[in-house]
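K.L.:
Could you have a look at this structure, given as structure tokens, before my questions?
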Amino acid sequence: MKRIIAAVLCALLLLGAGPAVHAEEEGAPVAIADRADLLRIAEDPTGTYELTDDIDMGGEAWVPLAFSGKLDGHGHTLYNLTVTAPGPDSTMTYDGNRKEYDTVFGGLFSVVKDAHIREVNLVNAVIDVTTDQHCFLGAVAGYAEHSVIENCTVQTRSHLTLTSINAGLGGLCGFSWESEFLGCTVDAELIFTDTNKDALCEEFIGGVYSCGSGKIENCTVKTRGFSEVYGYCHNGGLVGMFKAVRDSRYQSRIYNTTIDAELSFFEITPSRRAYCLPKIGEDTLRACRMDRVYILNFKKTESRTPVPLSPEKCETPQYADAVTPGDCTHWGYTTHTCSTCGYSYADSYTPPVHQYGAAELTTKPTCTEPGEQTYTCTLCGHSYAEPVPATGHDYQETDTAPTCTVNGEKVFVCANCGDRYTEVIPALGHTPGDWTVAKAAQVNVPGEEQKVCETCGEVLERRDIPALPYIYAERLTLSAEALALHVGDAARLTVAIAPEDATDPTWTFTSSDPDVAEVSPDGTIAAHAPGTAAVIAISTDGRATAACIVTVTYTPWQWVKHYILFGWAWE
């Protein structure tokens, strides 16, 4: 068994390395990367699809889909597929007498019509259906009409238990109506259990398809069939029964195909037929052409009495499990081996996978050019490269500030590679302030005011301030128009000038007789001798005058002293 599994997995890898199919002219295929994507085929069963990755179908049981489109697997694998019931779609099948039956189907797909399925691999496709309906099972499709299944590899275990009449198991397809099976590799374990002893069952087992018509070319098929039938057996290494569609001109054939088949069965019926041959169990009209068909092994085991026929020879097998881990090129799986009879089967497949270490930078990226990093498998040395994005420039900025009239500049220099570029910072322009006095206006001399830039202080605008007119003093008013003083007294005159805004608001004092009354510049009068004097204030511009009459006399004592005591002589 392990040798068989290894052979199938090697075939899977070889097929997976085949060339990819180009997108259909009518539009790009819809990508299928996981189980959820595969389920969405039901929304458009006539569409064009492609697998972009291997998909683990394990876990929840799969409900077979109807399909009439195109599916390109590109050598990818669906593994651990489990089907436990037929799909919801049905159509008519027939038996060797062309009697028709409304039939249900199970497999990855239930009913495919006018479909093209290529380079899809199935590993550990387990189909185990119990039903009371007419039923056909096949790993790829339960029913295929005018369809092509090409370059697919299938490893499947299928078991059909039923009480109905028309039923069959095929490695690739259950019932074929003029479909084609090209370049496929099949490893199929097919078990048929008829539990209705009161109805004559029409049973079919074939390594490619179990009943119908079609072409088989360039295929490699390994079939292990087990059937318990209360009715009529039709068992073949490739086809259970070949039966062409009535009045059809389609030419079925088998070409360049190898067979390795072991078929075990009992047939309990009053009119025993027991069709069991390495190629086609029953070719009703010998109308299927065969050329270059090679039988590598054929073993037929027939019981004339109803005995249990299945790969599990023990009624209650005791299984021991052994896990074979996958590596870079081989699938991993779990082998279950009965300790009593030695039967074993494998399930729980895991795909080949590399164990890549940390990335090694093989080409350092620059500011403008991407680099490259390499991942290397620690098991086998396989490596692959991925680009490392360019780092981009790391610019450092240096600024030259603008002035009011001169542009500034931003200079950017990459710290890594020295690349540089500049950006202009526009000149700021002047910011005018308010008018201010630069030179005050004077009498008959104009002044000047100007606007200055608040930023740089440059004079932006000048204008004259008109010269001031000369305003003459028109009137002087003294604080006293007459004063009476004694010799030795002092008094002070103050002056008011009009108008107040006279250009030269100053004046001078004079005395008509300083010996009598002397006046200081600040208007202080000193009385020296008896007599009368006029103290006159004259404006500096000479336009206005004012006078104060100062009368100076002796005091009585001064008169006595001066005249009686002859003070004039000794003063």
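The values are calculated or read from the model by the stated rules, or taken from the named source; none is laboratory data. Everything quoted here is computed from the prediction, not taken from an experiment. In this analysis, Cβ positions are derived from the backbone assuming ideal geometry, glycine residues included, and neighbour counts consider all displayed protein chains. The protein model used for the area step is the full one, side chains on, heavy atoms only, and it has no ligands, DNA or RNA in it. Shrake-Rupley method; radii C 1.70, N 1.55, O 1.52, S 1.80 Å.
K.L.:
Give me the Debye-computed log₁₀ of I(q)/I(0) at q = 0.14, 0.20, 0.23, 0.25 Å⁻¹ for the range 94-139, equal point scatterers on Cα only, no solvent, two decimals.
P.N.:
-0.46, -0.84, -0.98, -1.05
K.L.:
Also, quick follow-up: Given H placed on each backbone N at 1.01 Å, which residues far from ASN151 in sequence or on other chains put an amide H within less than 5 Å of it?
P.N.:
For ASN151, the qualifying residues are GLU119, LEU182, GLY183, CYS184.
K.L.:
Right, here's the next one. Using alpha carbons only, how many degrees (0 to 90, rounded to 10) separate the axis of helix 2-16 from the longest principal axis of the chain?
P.N.:
So the inclination is approximately 50 degrees.
K.L.:
Quick one: net charge around MET290, please, counting Lys, Arg +1 and Asp, Glu -1 for every other residue with C-beta under 13 Å from its C-beta. Let's see the in-between values first.
P.N.:
Working: positive: LYS215, ARG253, LYS279, ARG286, ARG289, ARG292; negative: GLU217, ASP283, ASP291.
Residues near MET290 contribute +3 overall.
K.L.:
Using every pair of alpha-carbon atoms in the range 71-209, split the distances into 10 Å bins beginning at 0 and state the percent of pairs per bin, rounded to integers.
P.N.:
14, 49, 30, 7, 0
K.L.:
Something else: Please state, as a whole number in µm²/s, the translational diffusion coefficient that the Stokes-Einstein equation yields for the range 185-249 at 37 °C and 0.692 mPa s, with Rh defined as the Kirkwood radius across alpha carbon pairs. Display every interim value, and only then the final one.
P.N.:
On the way: Rh = 12.7 Å.
The estimated diffusion coefficient comes to 258 µm²/s.
K.L.:
Please state, rounded to one decimal and in Å, the Kirkwood hydrodynamic radius that the range 295-383 gives when every pair of distinct Cα atoms enters the mean of 1/r.
P.N.:
On the way: mean 1/r = 0.0557 Å⁻¹.
Hydrodynamic radius (Kirkwood, Cα only) of the range 295-383 equals 18.0 Å.
K.L.:
Taking all protein chains in place and a 1.4 Å probe, what share, in percent, of the accessible surface of the range 459-571 do carbon and sulfur account for? Please report the intermediate quantities before stating the final value.
P.N.:
Working: 3930 of 6890 Å².
That fraction is 57 percent.
K.L.:
Could you list the square roots of 5 times each eigenvalue of the Cα gyration tensor of the range 431-571, that is, the equivalent ellipsoid semi-axes, sorted largest first and rounded to whole Å?
P.N.:
Semi-axes (√(5λ), whole Å): 55, 14, 10.
K.L.:
Quick one: work out Rg over Rh on the C-alpha atoms of the range 115-169, Rh as Kirkwood radius.
P.N.:
Radius of gyration over Kirkwood radius for the range 115-169 works out to 1.02.
K.L.:
So, by mean Cβ neighbours within 10 angstrom, what's the order for 380-393, 65-78, 44-57 with the highest one leading? Could you put the intermediate results ahead of the total?
P.N.:
Details: 380-393: 12.9, 65-78: 22.7, 44-57: 17.9.
So the peptides 380-393, 65-78, 44-57, ranked by packing, come out 65-78, 44-57, 380-393.
K.L.:
Over the Cα atoms of the range 57-138, what Rg and Dmax result, in angstrom?
P.N.:
13.6, 41
K.L.:
Here is a further query. Return a whole-number percent for the relative contact order of the chain, with Cα pairs under 8 Å and 6 or more residues apart as the contact set.
P.N.:
6
K.L.:
Separate question: Just to be sure I understand: if I project the alpha-carbon convex hull of the range 137-232 onto a plane and average over all orientations, what area do I get in nm²?
P.N.:
5.1
K.L.:
Moving on. How many times 2.2 N^0.38 Å is the alpha carbon radius of gyration of the range 443-520? Walk me through the intermediate numbers first.
P.N.:
Numbers: Rg = 22.9 Å, N = 78, 2.2 N^0.38 = 11.5 Å.
Taking the Cα Rg and dividing by 2.2 N^0.38 Å, one obtains 1.99.
K.L.:
If you take all C-alpha pairs in the range 243-401, what percent of them are over 24 Å apart?
P.N.:
Here the tail beyond 24 Å accounts for 70 percent of pairs.
K.L.:
Given the range 478-542, what whole percent of its Cα pairs are spread farther than 16 Å?
P.N.:
That fraction is 44 percent.
K.L.:
Okay, moving on. Quick check: convex hull of the Cα atoms in the range 294-336, volume per residue, rounded to a whole Å³?
P.N.:
108
K.L.:
Could I ask something else about it? Ordered by packing density, taken as the mean number of other Cβ atoms within 10 Å over each peptide's residues, highest first, how do 219-225, 453-459, 194-200, 29-35 rank?
P.N.:
219-225, 29-35, 194-200, 453-459
K.L.:
Over 5 Å intervals from 0, what percent of Cα-Cα pairs in the range 435-476 sits in each interval?
P.N.:
Final binned percentages: 7, 21, 19, 15, 12, 10, 6, 4, 3, 2, 0.
K.L.:
Please list, in order along the range 131-137, the HN-Hα scalar couplings obtained from phi with the Karplus expression 6.51 cos²θ - 1.76 cosθ + 1.60 (θ = phi - 60°), rounded to whole Hz, x for Gly and Pro.
P.N.:
Listing the rounded values in order: 7, 9, 9, 5, 8, 10, 10 Hz.
K.L.:
Now a separate question. Report, by chain and number, residues whose modeled amide H sits under 5 Å from the one on ILE425, excluding near sequence neighbours (fewer than 5 apart, same chain).
P.N.:
Sorted by chain and number, the residues that satisfy this are GLY408, GLU409, LYS410.
K.L.:
Rg and Dmax of the range 142-191 over Cα atoms: what are they, in angstrom?
P.N.:
In Å, with Rg to one decimal and Dmax whole: 11.7, 35.
K.L.:
Per residue, how many Å² of accessible area does the chain show with a 1.4 Å probe?
P.N.:
Ligands and nucleic acids excluded, the figure is 50 Å² per residue.
K.L.:
Please calculate the 1.4 Å probe accessible area of ARG246, with all protein chains present, and give it to the nearest 10 Å².
P.N.:
So the heavy atoms of ARG246 present about 150 Å² to solvent.
K.L.:
Over all directions, what mean area does the Cα convex hull of the chain project, stated in square nanometres?
P.N.:
Value for the chain: 60.8 nm².
K.L.:
Let me ask another. Do the sum for the chain: with -39,500 (n - 2.57) for every DSSP H run of n ≥ 4, divided by all residues, what is the mean residue ellipticity at 222 nm, to the nearest 500 deg cm²/dmol?
P.N.:
Computed mean residue ellipticity for the chain: -1000 deg cm²/dmol.
K.L.:
Here is a further query. Spelling out what I want: for every residue of the range 306-313, take phi, set θ = phi - 60°, compute 6.51 cos²θ - 1.76 cosθ + 1.60 (Karplus), and round to whole Hz; glycine and proline get x.
P.N.:
x, 10, x, 10, 7, x, 8, 7
K.L.:
For a quick protection proxy, order the peptides 499-512, 136-149 by their average other-Cβ count within 10 Å, most packed first. Write out the running numbers ahead of the final one.
P.N.:
Values: 499-512: 15.1, 136-149: 30.1.
Going by the mean number of other Cβ atoms within 10 Å, highest first, we get 136-149, 499-512.
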